[in-house]
Amino acid sequence: MLRAIAIAKPRYVLQHHPLNFVRRKFTTSRRGPQDSDELKMFTYAFCASCGTTWLLLQLFPSLLPMPFGKRSTNPEVAGPVMGNSFATRVKKFSRSVHPLVKGTQRVDIMVLPHNTPREDNISMTSMSELNFHLFGIYDGYNGIFTVKPLPELLDIVVQQKLSGLYAGGNPDPPSDLIDSAIKEAFQSTDKYFVDEITRLAMNLDTATYDAISRGPGDNTVVEPIPRIALDTFRTTSLPEAVSFLRAVQSGSCALMGIYNTSDRSLRVALTGNSSAVWGRRIPVRTSPDIGQGKGEGGHSGGTFNGATNAEQAYIYEAQQLTADQTVLNPEEAVRLSRLHPDEPDLLKDNRLLGRGVTRAFGDGPMKLALEVQRRLHEDFLCDEPHDECKTPPYLTAEPVITHKEGIQKGDFVVYASDGLWDCLGTEEVVGLVGKWLEENGTKEHVVTEDGDQREVMLPKPPVGALPGPAAAISGSAVSPTTDANSQTMEKSYAPSDLPVMYPADYEDKTVMYKHCRKEKRFVCEDDNVAAHLVRNALGGAHTELREALLQRPSVTKLRDDISIIVVFFD
């Protein structure tokens, strides 16, 4: 039965390219009040079954007919040991998509592995019937067994929750209900990863598992995702149980952007420490007083892009849409201290009992009740509970949701894992995209909702990209890139040269360039803007530094996996 379902699963689930989650999915029918309860139940059961089947295939690849079961020999996950140049990796791990769907002008992505196997993932999904577009960045840790199936399952559950909200006959549900649906989807998916998989591995019924899994700090009640298919599958051996529990022991952060084309609003749901930034091109009058940290602009000098003091110049406004969920975030530190008041080592060394994040999917050792952890240690070869772990759960998957209203044509958002933000700051990323647009985009005058005209810079259609969903996984979707070996310092840019607004109290808090004792010098060479960001994150004009970083996978403190999605709005 399971093998039959696996063979029938859509092709994109069975492809193992690092970009295999970049796709467009379209709903086939509009749910409404006239739909029968049987149809809704079938739909929910089908979503749960697909998600469950997909997760089982990740944990038990031998269930797949050959050659799909040969995961360990897949060259796509070789990561740091593959290829000898950045240009080679751009061709392998980047895509430019020219969407057919309403609301987006172009989407550029790149996933640059560092860990072996790669612990980052991405996803793109369109709910065309509801005018929602979903973009996801997933940053795993302690293995790949949560981050690998998470994008597929979370996408399904978020779509299920949103569709159910709109199926009630309300075409415009309140904003807080949409937020609640997204939060419920995140928490339900995490409950599946932590509790349902643990219950199946332990071969317990729901009542028995619930009786032993209630920890002193566990007051969270979330609706579980439908598990019609789950109760029919039980582990029958210790090896199977241990394989199941790999998804419980590892963890993952998640960043999801949900764009509503109907009202041009953007929601960003964050669990972990990935980040999203927004940028917009705005007019500015240059003057000798405008420079880094002064006035309106972040560039230096009295001219900008060839403009004199009397001409109209443009600069990019930047806004960070998320806040890292670590103990360095005061709100997170206060929340955790209130939940666990009698644990003096809780936030020791600016970490949560050794963890770098305060919210995540999976990571059972930070969530499961101590009695469950003891049984897993005694019966299923898991580690024993940490001495510092006294009142789990410590982590939560509930996202913090931020809103950005009034998205306009020409705006863009960069979603990225923390590997990018270790190297570049918010303003630098927006400025680099702005620089790339100034050299690779086309000008267009648009009329705003207020009736005003403004000039925007739009990206050109990607070279060689196929329109629509096929472009996301097609090799022809790769935009060509050039190598930086011929780039000279005379053609490079300092951070102060970027067309972006820096705050008056700006301070560069990134670590990679400082650790390598290099001054930041940026270049603009790639046709794919995500590759452009990665190039400048890993050395910019310092070609030898970048190539050295690509050849040193063991030095994890210098760089991490980097996953980027850049969305240009129409």
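The values are calculated or read from the model by the stated rules, or taken from the named source; none is laboratory data. Here the structure is a predicted model, which means the values were calculated and not measured. Note: ideal-geometry Cβ built from the backbone for every residue, glycine included; neighbour counts use all protein chains shown. SASA here: full protein model, heavy atoms, side chains in, ligands and nucleic acids out. Shrake-Rupley method; radii C 1.70, N 1.55, O 1.52, S 1.80 Å.
State whether one or more residues within region 518-535 are farther than 18 Å from G434 by Cβ, modelled with pLDDT of 75 or more and either touching a Ser or Thr at 6+ places or on another chain (Cβ under 7 Å) or surrounded by fewer than 23 Cβ atoms within 10 Å (Cβ to Cβ) (or both). Among the residues of region 518-535, at least one is farther than 18 Å from G434 by Cβ, modelled with pLDDT of 75 or more and either touching a Ser or Thr at 6+ places or on another chain (Cβ under 7 Å) or surrounded by fewer than 23 Cβ atoms within 10 Å (Cβ to Cβ) (or both), which makes the answer yes. Within region 91-112, track down each residue that is modelled with pLDDT of 85 or more and touching a helix residue (DSSP H, G or I) at 6+ places or on another chain (Cβ under 7 Å). Within region 91-112, S94, R95, S96, D108, I109, M110, V111, L112 qualify. Can you confirm whether V157 is open to solvent by less than 40 Å² (accessible area, probe 1.4 Å), in contact with a Phe, Trp or Tyr (Cβ under 9 Å, 6 or more places away or on another chain) and not in a loop (DSSP other than H, G, I, E, B)? Criteria met by V157. Number of residues in region 161-174 that are assigned to a helix (DSSP H, G or I) and open to solvent by 20 Å² or more (accessible area, probe 1.4 Å) equals 4.
Looking across region 140-151, just one residue is assigned to a strand (DSSP E or B) and open to solvent by less than 10 Å² (accessible area, probe 1.4 Å), and that is G140.
Counting the residues of region 396-420 that are open to solvent by less than 10 Å² (accessible area, probe 1.4 Å) and farther than 29 Å from W436 by Cβ gives 2. For region 433-453, filtering for residues that are touching a residue at least 60 places away in the same chain (Cβ under 8 Å) and surrounded by fewer than 13 Cβ atoms within 10 Å (Cβ to Cβ) leaves 1. Within region 93-128, track down each residue that is among the charged types (D, E, K, R) and crowded, with 21+ Cβ neighbours inside 10 Å. If the condition is that a residue be among the charged types (D, E, K, R) and crowded, with 21+ Cβ neighbours inside 10 Å, then R95, R106, D108, R118, E119, D120 are the ones that fit. Just one of (1) open to solvent by 40 Å² or more (accessible area, probe 1.4 Å); (2) part of a loop (DSSP other than H, G, I, E, B); (3) at pLDDT below 95; (4) under 28 Å from I212 (Cβ atoms) fails for H377. It is (2). Just one residue in the set Y493, Y513 is aromatic (F, W, Y) and open to solvent by 10 Å² or more (accessible area, probe 1.4 Å); that residue is Y493. Scoring L466 on the criteria (1) within 30 Å of L336 (Cα to Cα); (2) at pLDDT below 95; (3) surrounded by 15 or more Cβ atoms within 10 Å (Cβ to Cβ) leaves a single failure, condition (1). Only helices (runs of 4 or more DSSP H) whose full extent lies in region 175-271 are considered here, and the ones with at least 3 residues that are crowded, with 16+ Cβ neighbours inside 10 Å and at pLDDT 85 or above are 175-191, 197-202, 238-249. For N350, the conditions (1) at positive phi; (2) in contact with a Gly (Cβ under 8 Å, 6 or more places away or on another chain) are fulfilled apart from (2).
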